[in-house]
Amino acid sequence: MNINAGRNVAARHETPPVPALELMSVSHSYAARKALDNVSFAIQPGRFAVLLGLNGAGKTTLFSLVSHLFATGSGEIRVFGYDISRKPGDALRRLGIVFQARTLDLDLTVRQNLSYHAALHGIGARETRRRIEALLESIDMGDRLNDKARSLSGGQMRRVEIIRALLHRPSLLLLDEATVGLDVNSRATILADIRKLVQEEGISVLWATHLIDEVNDADQVIVLDKGRLMADGGVANLIEATGAGTISEAFARLTGSPPPPLPEGQP
Amino acid sequence: MTDAAHPIPHAITEHKRFGFTHYMICLKGILVREGLRYLNQRERFISSLVRPLLWLFIFAAGFRQVLGVSIIPPYQTYVLYEVYITPGLCGMILLFSGMQSSLSMVYDREMGNMRTLLVSPFPRWFLLVSKLLAGVAVSLIQVYVFLAIAWFWDVKAPFIGYLMILPALFLAGLMLGALGMFLSSMIKQLENFAGIMNFVIFPMYFASSALYPLWRVQEASPLLYKICLLNPFTYAVELVRFAFYGQIEWTSLAVVAAFTLIFLGGAIIAYDPSRGLIIRKQDTGGNS
């Protein structure tokens, strides 16, 4: 996927860059239940960060706060320096989001779904057409342009959603459990595509998952458990700090739970 | 634990501020999407027409003799009951369409499609107004198709009336669409929508001047008459009724405009993440 074709690259920072995403003492409650408790971390531009946590850890709440679906009641969230509460427009323009639940309109075609998203980002028709065709070709789905979304497989739908999230050329991509419910091949393809984006285009990624095998040695790992930040660092640091032998063990020690499950179809 | 700086170079896209053209692109995108959804739901189009046509062909024909209408403004002569209820039926289309939009917003929220809209970088109020305009545009088409069929049923208004009702229908559609939008923010699940039918649509429709003139209501029940006067739908119907004859009913215009602002303001506040009702409903659609 080449999301940079024709884009205006404004900055290649020499000095410490503004973090792609920065959370400062963020808390969020649903009535009496605390979903996030004083969470702080930062992701530097060009990093692939894995937000690791079991179901109920607070990952989706965190995504809802970062994407401004919920207001940040306590603490501060900044996307490339833009406070999501004070400058939501500036922050959201830099964000591409793939939600855990499918968000394609099943009755519309792939092109119509993508065009709708492009319009919501103020991209004109000609430019939209050009970007859609180029991006779909890059994932070998150019021939599905005029097919209804409901005719796509789960993996194809997810890939279209990722293309959609990239259509407005964001600098930070958020993916919430993007591979849930997909077969092993689709998972591997999607993960490889996203890693390629980080490598080749320098895009920053926050990848939320509960699947430990999706973590790579070079990734930044952020561990959430019951709304609390348990660790934030590189894989090696995390293993060393917990005295574990593997990342899976480290995660289990940090959260006091059994090692996270491997995906279906894997021993 | 902290991590060392990562060596991978990165690119940050420079963004220009959104101008008028961008806003229009966004509005057009929302209009097109609502239009496509409407075209994809042919049964919705048919049912939106069948409902008022049944009232016109069956109810009005049956009640023509029972519910005589005296000469009241804007009419200058006795009119058939079919003619009297036509503005009310136009209002009925707008009312059902407004609630249908609300239903579709609840459905979109449940299915997750709503998030696509809400994470757009355009201001939330603009997105909601665009969605509202799209819903009104669809309902206006329904009204004019209904009026075209009614014309063959010999329910005719002066030609100027068909032009004059356009702004009246637009404003009434905005008010009812905004009400639907506001209500959608308070409904968590699609199943709860049946309550809207029982507690909003039917009372609004029947406790208004859509089916019978207010003087007749007053004769029958002074209390119901007062309720009708408090019902904004009454004023929407009267605004359309007078517009059919090239007249502006100023009180109705003022009331409809005021309620449009109130309902729309309520909807914008309800969908505001920092103040709205959505946040209180824990509507993440995810695990937690």
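Things worth noting here:
- Check: the protein assembly as shown dipole with +1 on Lys, Arg Cβ and -1 on Asp, Glu Cβ, in debye: 1220
- Taking every alpha-carbon pair under 8 Å whose residues sit at least 6 apart, chain B reaches a relative contact order of 23 percent.
- Computed from label points 7 Å out along Cα-Cβ, the spacing between B:ARG42 and A:MET24 is 5.8 nm.
- Furthest towards positive pole of dipole, B:HIS22, B:PRO52, A:VAL215, structure part the protein assembly as shown, Cβ charges: B:PRO52
- 5 angstrom amide H check on A:LEU21, placed H, neighbours 5+ away: A:ILE43, A:PHE80
- Rel. contact order, % - alpha carbon contacts under 8 angstrom, at least six apart, the stretch A:10-168: 20
- Listed from fewest to most Cβ neighbours within 10 Å, the set B:MET24, B:MET114, B:MET164 follows the order B:MET24, B:MET164, B:MET114.
- Calculated from backbone phi, Karplus (6.51, -1.76, 1.60) coupling profile of the stretch B:212-228 in Hz, x at Gly/Pro: 8, x, 5, 5, 6, 4, 4, 5, 7, 7, x, 5, 4, 4, 5, 5, 4
- At R0 = 51 Å, FRET efficiency that the Cβ-Cβ distance of A:ASN216 and B:LEU163 yields, to 0.05: 0.20
- If you plug the beta carbon distance of B:ILE262 and A:ASN146 into 1/(1 + (r/R0)^6) with R0 = 35 Å, you get a FRET efficiency near 0.20.
- Remark: the Cα gyration tensor places chain B in the prolate category, a/c being 1.5 or greater and a/b exceeding b/c.
- For the residue pairs B:LYS28/B:LYS188; A:LYS34/B:LYS131; A:LYS87/B:LYS16, the C-alpha atoms sit more than 23 angstrom apart in B:LYS28/B:LYS188; A:LYS34/B:LYS131.
Quick note: the coordinates plus some simple rules give every number you see, no bench work behind them. Worth saying up front: this structure is predicted, and the values here are computed from it rather than measured. Here the Cβ is made from the backbone with ideal geometry for all residues, glycine too, and neighbour counts use every protein chain on show.
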